Ligand code: HSE
């Protein structure tokens with residue numbers, strides 16, 4: 001840290017939905033639901049974390065917290081030592097639901113650390129490529145990190161040791177609805193259900209649909225039902241989230257709504273394309289008309305939430321304050 005580096009920063013990071021069906025470990029969408037993290041440098045070596053909202057009762061309040069671990073890794077990548085910090089988290093992204101809460105924490109930590117290191121000026125000047133590269137390395141896969149950093153619809157991949165991402169503009173006609181159950185599922189457990197290999201036909205089917213997915217999300221949303229079909233992961237994960245897979249089948253087969261498992265689940269993401277689009281489930285409906293409602297569908301209670309696509313990705317709130325908080 002230099003003498004001129006800011007000593008306080010506030011970062012906002014969006015929820016994300018990875019995979020979108022056939023884009024396994026590659027495609028992602030940023031959603032307008034945000035975590036906020038404020039970090040202030042202390043005069044000592046102590047790390048203190050305050051948490052409001054999701055995970056407040058269970059997450060660590062010290063250097064083991066994921067935001068702090070990401071900050072430490074970022075300082076070390078620059079050959080520096082993380083100073084003592086006060087970290088305040090307002091968590092709104094649900095945990096263990098496939099909405100990118102860990103990517104959100106990691107991207108927040110990396111961004112905050114780079115600001116405190118004096119490597120960022122804030123706002124539009126944020127070096128998103130560098131934040132993405134560091135965050136993807138820490139997370140170990142890039143599909144949530146990419147939309148969290150760049151916003152919108154992203155594709156991400158790895159070439160050799162390098163992580164890369166391509167942000168694309170989603171069609172304004174795509175209107176996501178997330179259906180979030182109470183139950184949680186860890187990404188690790190969901191990955192443990194995947195087979196070592198899949199039949200050639202499933203791989204070729206899914207490759208074709210992944211290509212179609214890019215066209216559908218960016219300009220042909222009328223193709224989303226075909227474009228979100230997958231044979232690589234969702235059915236293998238059914239034992240860990242039977243209600244989610246059942247809801248997806250109901251939405252897709254009975255109602256023609258492009259619905260997928262969000263990331264590693266168990267949240268269901270429906271990509272509706274008109275405000276009135278609605279579905280009848282066992283005992284409820286899912287539509288853009290539901291605003292933060294709870295519905296019983298497929299034998300489970302879902303928190304149903306129409307949500308806009310976040311266009312901007314990680315953001316440093318009040319970037320101008322970065323120039324006036326030096327102490
Ligand atoms: N693509 C991941 C998975 C989601 O489905 O396991 C979290 O990045």
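The values are calculated or read from the model by the stated rules, or taken from the named source; none is laboratory data. Please read all numbers here as calculations on a predicted model, not as lab measurements. Cβ atoms come from the backbone with ideal geometry, glycine included; neighbour counts cover every protein chain shown.
Residue 96 meets the stated requirement of being part of a loop (DSSP other than H, G, I, E, B) and within 16 Å of the ligand (Cβ to nearest atom).
Within the bounds of the range 10-20, is there any residue that is within 16 Å of the ligand (Cβ to nearest atom), touching a residue at least 40 places away in the same chain (Cβ under 8 Å) and at positive phi? The answer is yes, given that some residue of the range 10-20 is within 16 Å of the ligand (Cβ to nearest atom), touching a residue at least 40 places away in the same chain (Cβ under 8 Å) and at positive phi. Counting the residues of the range 58-71 that are surrounded by fewer than 17 Cβ atoms within 10 Å (Cβ to Cβ) and closer than 19 Å to residue 133 by Cα gives 0.
Could you tell me whether residue 173 is surrounded by fewer than 19 Cβ atoms within 10 Å (Cβ to Cβ) and not in a helix (DSSP H, G or I)? Criteria met by residue 173.
In this entry, residue 28 passes the filter for residues that are under 30 Å from residue 227 (Cα atoms), assigned to a strand (DSSP E or B), touching a strand residue (DSSP E or B) at 6+ places or on another chain (Cβ under 7 Å) and within 16 Å of the ligand (Cβ to nearest atom).
Residues satisfying the criterion are absent from the range 80-93 (criterion: in a strand (DSSP E or B), within 16 Å of the ligand (Cβ to nearest atom), over 15 Å from residue 112 (Cβ atoms) and in contact with a helix residue (DSSP H, G or I) (Cβ under 7 Å, 6 or more places away or on another chain)). Can you find even one residue in the range 185-196 that is more than 20 Å from residue 97 (Cβ to Cβ) and surrounded by 15 or more Cβ atoms within 10 Å (Cβ to Cβ)? The answer is no; no qualifying residue exists. When 212, 185, 155 are screened for being under 23 Å from residue 265 (Cβ atoms), within 16 Å of the ligand (Cβ to nearest atom) and at pLDDT 95 or above, only 155 passes. Checking residue 107 against (1) closer than 22 Å to residue 32 by Cβ; (2) modelled with pLDDT under 95: exactly one of these is not met. Which one? It fails just one condition, (2).
Note on the range 308-327: residues that are modelled with pLDDT under 90 and assigned to a loop (DSSP other than H, G, I, E, B) total 6. The test for being assigned by TED's automatic domain parsing to the domain that holds residue 126, part of a loop (DSSP other than H, G, I, E, B) and in contact with a strand residue (DSSP E or B) (Cβ under 6 Å, 6 or more places away or on another chain) holds for residue 142. Could you say whether any residue in the range 226-246 is surrounded by fewer than 17 Cβ atoms within 10 Å (Cβ to Cβ), modelled with pLDDT under 95 and not in a helix (DSSP H, G or I)? No, there is no match, as no residue in the range 226-246 is surrounded by fewer than 17 Cβ atoms within 10 Å (Cβ to Cβ), modelled with pLDDT under 95 and not in a helix (DSSP H, G or I).
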